[in-house]
Amino acid sequence: MNKKERVLAAINLKEVDRIPTTYRASKCLSESLMKHFKIEDPGNFKKNYKVLLSKIGADFWSSGSKIDKFSTFLPEYKGSLPKPPYVDDGAMFYSLGIKSKIGRMNKYNIEYPNVGIDPPLADIDSPGEIKKGFLTSRLNLFDFKSMRNKYDIEGLSYENVKDSNDDLICMGTLSSLFMICCYLRGMENFLMDLAYNIKVAEVIIDVVGEFCLEFNRRELSEFGRKAKYYGTWDDVAGQNGMIFSPELFKKYFLPIYKKLIENVKKYNLFFGWHCCGSVHDVLPLMIDAGIDVFDVVQTSARDMELEKVYKLYGGKVCLHGGMDVQKLLVEKTPEEIKEEVKKVVSLWGSRGGIILAPSHETLPDTPVENILAIYETINEV
């Protein structure tokens, strides 16, 4: 099998020659790996990412919610870009009036976009203050006809990747229903609305859902027949369970997701859904709604151990992730990581249904040897 065939078979829950893998890591660790392999110009991922994948033995470089980071296409935004002190969030939330500023992880000296600063709906008191079309009016600022590669890989276009065994064309953006609501209103405010001011929450969800579905329809109309994979994310859960009531998810968010998935399936795309944390309360609902891939299998969260996840969802949905970045890859030895990989192989075997990867972008203090242990083991067993 080539790597595209391997990944597609795993998503289809069909036999694979070996468990497919993706790589995802922080910029610091990726540069460390480039230097480890003596790859020239280690900071130039656009130029060297396929060389690195070949060196470590991974199939694709994932962005998280997408299987192939460097073949993910987005519509071009024609509106104004953020002005200092606000910054590009990297996921086009700024196009909805959502502001971001630079945050810093002091422990690692890493900067990142802190999304949802100064939420535009923070000060509203009643649902009547929310203009129904204030999001859909922004749709005309997107050029869906010129779907472009977000990462601006030199020379990469649909025409030169469509028949390649090295690329898996992905799409899907601005469809994080819960998170967009939170970024517009403010996380604390929106969670309070869900508990105590449901009329405001209902209007916000309605406005966001209307935008996401129309954006999705336009995106698919222009690019749906060219792509293979539609990925989205919504962090509705934390380490110990849902952030809000599963009943509210079922009542307000699931119906919109069902429509979103239905739209995607009309174009015969795979649908992947990312959620961090312990998500057992709603994952079965999303599986029933038609998702093909669940990302990220955060094994450090409550009741998300590999054995339990396999027992509950093996053969029902393809899983993406499974290698914990919080403790396993940071604190354990390469030998212990190899045993964890062998556990995955013993559970899933060659039956498909899993794409093995770090559960999130790996932390900068992750030893290079621990990352290599994942792929060395998969390619040996």
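The values are calculated or read from the model by the stated rules, or taken from the named source; none is laboratory data. Please read these numbers as outputs of a predicted model, since none were measured by experiment. Cβ atoms come from the backbone with ideal geometry, glycine included; neighbour counts cover every protein chain shown.
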> Which residue pairs have Cβ atoms closer than 6 Å, lie 6 or more positions apart in sequence or on different chains, and pair a first residue in region 328-341 that is over 21 Å from Glu361 (Cβ atoms) with a second residue that is in a helix (DSSP H, G or I)?
Replying inline: Lys338/Ala373; Lys338/Thr377
> Taking region 83-99 as the search range and keeping residues that are surrounded by fewer than 21 Cβ atoms within 10 Å (Cβ to Cβ), without any contact (Cβ under 8 Å) to a residue 60 or more places away in the chain and in contact with a Lys or Arg (Cβ under 7 Å, 6 or more places away or on another chain), which one is farthest from Ile169 (Cα to Cα)?
Replying inline: Pro85
> Residue check: is Lys66 buried (at least 17 other Cβ atoms within 10 Å of the Cβ) and not in a strand (DSSP E or B)?
Replying inline: yes
> What are the residues in region 326-365 that are modelled with pLDDT under 95 and part of a loop (DSSP other than H, G, I, E, B), if any?
Replying inline: Gln326, Lys327, Ser359, His360, Glu361, Leu363, Pro364, Asp365
> Out of all the residues in region 34-59, which are buried (at least 16 other Cβ atoms within 10 Å of the Cβ), in a helix (DSSP H, G or I) and in contact with a Phe, Trp or Tyr (Cβ under 9 Å, 6 or more places away or on another chain)?
Replying inline: Met34, Phe45, Tyr49, Leu52, Leu53, Lys55, Ile56
> So, in region 23-71, of the ones that are out of contact with any Gly (no Cβ under 8 Å at 6 or more places or on another chain) and among the acidic types (Asp, Glu), which residue ends up modelled with the highest pLDDT?
Replying inline: Asp59
> Out of all the residues in region 103-125, which are assigned to a strand (DSSP E or B) and exposed (fewer than 13 other Cβ atoms within 10 Å of the Cβ)?
Replying inline: Arg104, Met105, Glu111
>> Which pairs turn up if I take residues in region 1-18 that are touching a residue at least 60 places away in the same chain (Cβ under 8 Å) and surrounded by fewer than 20 Cβ atoms within 10 Å (Cβ to Cβ) and look for partners that are in a helix (DSSP H, G or I) and basic (Lys, Arg) with beta carbon separation below 9 Å, at least 6 apart in sequence or on another chain?
In response: Asp17/Arg6; Arg18/Arg6
> For the subset of region 250-267 comprising residues that are closer than 26 Å to Asp303 by Cβ and touching a residue at least 40 places away in the same chain (Cβ under 8 Å), which member is nearest to the chain's Cα centre (by Cα)?
Replying inline: Tyr257
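Let's see how each residue does on (1) touching a helix residue (DSSP H, G or I) at 6+ places or on another chain (Cβ under 9 Å); (2) more than 23 Å from Asp118 (Cβ to Cβ); (3) outside any loop (DSSP other than H, G, I, E, B); (4) of a type outside the set (S, T, N, Q):
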| site | (1), (2), (3), (4) |
| --- | --- |
| Thr173 | yes, no, no, no |
| Cys181 | yes, no, yes, yes |
| Ala201 | yes, no, yes, yes |
| Leu213 | yes, yes, yes, yes |
| Asn216 | yes, yes, yes, no |
| Ser221 | no, yes, yes, no |
>> Of the conditions (1) among the aromatic types (Phe, Trp, Tyr); (2) within 21 Å of Val297 (Cβ to Cβ); (3) modelled with pLDDT under 95, Tyr230 satisfies every one except a single condition; which number is it?
In response: (3)
> Pairs under 7 Å by beta carbon, first residue more than 14 Å from Ala201 (Cα to Cα) in region 105-133, partner of a type in the set (S, T, N, Q) and modelled with pLDDT of 90 or more, six or more apart or different chains?
Replying inline: Pro113/Ser100; Asn114/Ser100; Val115/Ser100; Ile117/Ser100
> Residues of region 332-381 being of a type in the set (Gly, Ala, Ser) and surrounded by 16 or more Cβ atoms within 10 Å (Cβ to Cβ), which ones?
Replying inline: Gly352, Gly353, Ala357, Ser359, Ala373
> So which residues in region 225-284 are among the β-branched types (Val, Ile, Thr) and part of a helix (DSSP H, G or I)?
Replying inline: Ile256, Ile261, Val264
> Which condition number does Cys170 fail, the rest of (1) touching a residue at least 24 places away in the same chain (Cβ under 8 Å); (2) over 18 Å from the mean Cα position of the chain (by Cα) being met?
Replying inline: (2)
